[in-house]
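Student: Provided herewith is a single structure, encoded as structure tokens, for subsequent inquiry.
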Amino acid sequence: MRVRGFYVMRTMNLLTISLLGAAFAAAQPCSVADVRGTYLFKTWGTQKLGPDHPFLPNTTGPAYGLGIVTFDGSGKGSGRFSATLGGVAQTFEYMDLKYTIGENCAGNAQYRLKVVETNAVLGPDNLELQLLGDGAGIWGLMTDSNGRGAILNSEFRRLSRGPRACNPAMLWGSYSMRYEGWINMKMVNPSQPAAFAQEFGVGLVVLNPDAANQGSAFHNWGGIQIATDLVVGTFDVTADCTGVFNYSSQIRGTPNKISGTSPFVLSGDGAQITVLMVNPPGFQYYDRVSIP
């Protein structure tokens, strides 16, 4: 009995030491060095629309942004992203981006934004940060937009710690598509007043670098259900894993077509595509299902 008791006690002591070790490892403090590498950046929410907005001036409308941000692991960063403010496209570059991370894995980022199209400088802005997975992801909440009335969430997802490169051959196979955003109902029915309503969609697209891309989707635009077929769709990929999606879809059973261009970011060696829908504003996601 004593021998058995000795082994039970020893096993319990080893288990206790193992649990304490795991707890100690989990309690390791965060630092600014955890935030290093190239990150996919998304931001979404609402913002005041200016007096020159084409259909809803001086109101609040949906705002979305998508791009690439690089952090150096010592508190500085740089980046560029495309945005849509109520359906109006703009491009922003970060200026003087600085960030801090505390031991509790919370932090802060401050920066100014340069509007590429006009060279106007906005800010300074303030983001409260929360680290995920040892810096593999970051959540952000804008707490100051210097009078622009922006209420925005942000997400950073690390793509790589070092150099990375993409090419068109990465886009290959069948992809499930879904999107969510807001549509100006005047676009759906010109007799309606301008107003934003939620929009959702799901579909399937087959991408083939050596042949025409194909696809179809079902949509709910503010309560109106329609189906579309892809007529022309190309993803023009650049080496930095960003690019432009050019598309033309035909509304099934009608001669009406929907066309446009949207910026995107590749991740997972082409297994995921995140698209910024500009007008109507929203995010579109493609996830690879299979490769033939």
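Student: What number of residues within the range 96-109 are more than 12 Å from G75 (Cβ to Cβ) and open to solvent by less than 50 Å² (accessible area, probe 1.4 Å)?
Tutor: Residues flagged as more than 12 Å from G75 (Cβ to Cβ) and open to solvent by less than 50 Å² (accessible area, probe 1.4 Å) within the range 96-109 amount to 3.
Student: Across the range 208-221, what is the total count of residues that are modelled with pLDDT of 95 or more and open to solvent by less than 80 Å² (accessible area, probe 1.4 Å)? Talk me through it step by step, then tell me what you get.
Tutor: Narrowing the range 208-221 to residues modelled with pLDDT of 95 or more: 215-221.
Remaining after also requiring open to solvent by less than 80 Å² (accessible area, probe 1.4 Å): 215-217, 219-221.
Result for the range 208-221: 6.
Student: Restricting attention to the range 222-234, report how many residues are over 20 Å from G86 (Cβ atoms) and either in contact with a strand residue (DSSP E or B) (Cβ under 6 Å, 6 or more places away or on another chain) or open to solvent by less than 30 Å² (accessible area, probe 1.4 Å) (or both).
Tutor: Total meeting the criteria: 9.
Student: Hey, among D144, D134, D96, D125, which residue is of a type in the set (D, E) and in contact with a helix residue (DSSP H, G or I) (Cβ under 6 Å, 6 or more places away or on another chain)?
Tutor: Working: D144 fails: in contact with a helix residue (DSSP H, G or I) (Cβ under 6 Å, 6 or more places away or on another chain); D96 fails: in contact with a helix residue (DSSP H, G or I) (Cβ under 6 Å, 6 or more places away or on another chain); D125 fails: in contact with a helix residue (DSSP H, G or I) (Cβ under 6 Å, 6 or more places away or on another chain).
The match here is D134.
Student: Let me ask something else. Going through A194, A217 one at a time, which residue ends up being out of contact with any Gly (no Cβ under 9 Å at 6 or more places or on another chain) and under 25 Å from Y64 (Cα atoms)? Steps first, answer last, please.
Tutor: Details: A217 fails: out of contact with any Gly (no Cβ under 9 Å at 6 or more places or on another chain).
Testing whether each residue is out of contact with any Gly (no Cβ under 9 Å at 6 or more places or on another chain) and under 25 Å from Y64 (Cα atoms) leaves just A194.
Student: Among (1) within 21 Å of A89 (Cα to Cα); (2) small (G, A, S); (3) not in a strand (DSSP E or B), which single condition is G233 missing?
Tutor: Of the numbered conditions (1) within 21 Å of A89 (Cα to Cα); (2) small (G, A, S); (3) not in a strand (DSSP E or B), the odd one out for G233 is (3).
Student: Would you mind stating whether T261 is free of Cβ contacts under 8 Å to residues at least 24 places away in the same chain, closer than 30 Å to R80 by Cα, of a type outside the set (G, A, S) and open to solvent by 60 Å² or more (accessible area, probe 1.4 Å)?
Tutor: Values: free of Cβ contacts under 8 Å to residues at least 24 places away in the same chain: yes; closer than 30 Å to R80 by Cα: yes; of a type outside the set (G, A, S): yes; open to solvent by 60 Å² or more (accessible area, probe 1.4 Å): yes.
Here the answer is yes, as T261 does meet what is asked.
Student: Quick check on this structure: which one of R112, R80 is within 28 Å of D269 (Cα to Cα), surrounded by 15 or more Cβ atoms within 10 Å (Cβ to Cβ) and of a type in the set (K, R)?
Tutor: Details: R112 fails: within 28 Å of D269 (Cα to Cα).
Residue meeting the stated conditions: R80.
Student: Please verify whether the range 185-204 includes one or more residues that are open to solvent by less than 30 Å² (accessible area, probe 1.4 Å), acidic (D, E) and not in a helix (DSSP H, G or I).
Tutor: Among the residues of the range 185-204, at least one is open to solvent by less than 30 Å² (accessible area, probe 1.4 Å), acidic (D, E) and not in a helix (DSSP H, G or I), which makes the answer yes.
Student: Continuing with this model, one more query. Which of the residues belonging to the range 264-289 are open to solvent by 10 Å² or more (accessible area, probe 1.4 Å) and not in a strand (DSSP E or B)?
Tutor: Listed by number, the residues that qualify are G268, D269, A271, V278, N279, P280.
Student: Restricting to the range 32-77, count the residues that are within 18 Å of the chain's Cα centre (by Cα), open to solvent by less than 30 Å² (accessible area, probe 1.4 Å) and closer than 18 Å to A195 by Cα.
Tutor: 5
Student: Across the range 162-179, what is the total count of residues that are in contact (Cβ under 8 Å) with a residue 40 or more places away in the chain and either assigned to a helix (DSSP H, G or I) or open to solvent by 40 Å² or more (accessible area, probe 1.4 Å) (or both)? Before you say what the answer is, go through the steps one by one.
Tutor: Going residue by residue through the range 162-179, those that are in contact (Cβ under 8 Å) with a residue 40 or more places away in the chain are 162, 164-179.
Retained after the next criterion (residues that are either assigned to a helix (DSSP H, G or I) or open to solvent by 40 Å² or more (accessible area, probe 1.4 Å) (or both)): 164-165, 167-170, 172, 176, 178.
Residues that pass the stated criteria total 9.
Student: Another question about this same structure. Could you check G201 against (1) more than 30 Å from I138 (Cα to Cα); (2) in contact with a His (Cβ under 7 Å, 6 or more places away or on another chain) and say which number it fails?
Tutor: (1)
Listed here are the residues, each with its yes/no results for (1) touching a strand residue (DSSP E or B) at 6+ places or on another chain (Cβ under 6 Å); (2) of a type in the set (D, E); (3) on the phi > 0 side of the Ramachandran plot.
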{"residue": "K114", "(1), (2), (3)": "yes, no, no"}
{"residue": "A120", "(1), (2), (3)": "no, no, no"}
{"residue": "G123", "(1), (2), (3)": "yes, no, yes"}
{"residue": "L129", "(1), (2), (3)": "yes, no, no"}
{"residue": "G137", "(1), (2), (3)": "yes, no, no"}
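The values are calculated or read from the model by the stated rules, or taken from the named source; none is laboratory data. Predicted model only: the values in this text are computed from it and were never measured. In this analysis, Cβ positions are derived from the backbone assuming ideal geometry, glycine residues included, and neighbour counts consider all displayed protein chains. The protein model used for the area step is the full one, side chains on, heavy atoms only, and it has no ligands, DNA or RNA in it. Shrake-Rupley method; radii C 1.70, N 1.55, O 1.52, S 1.80 Å.
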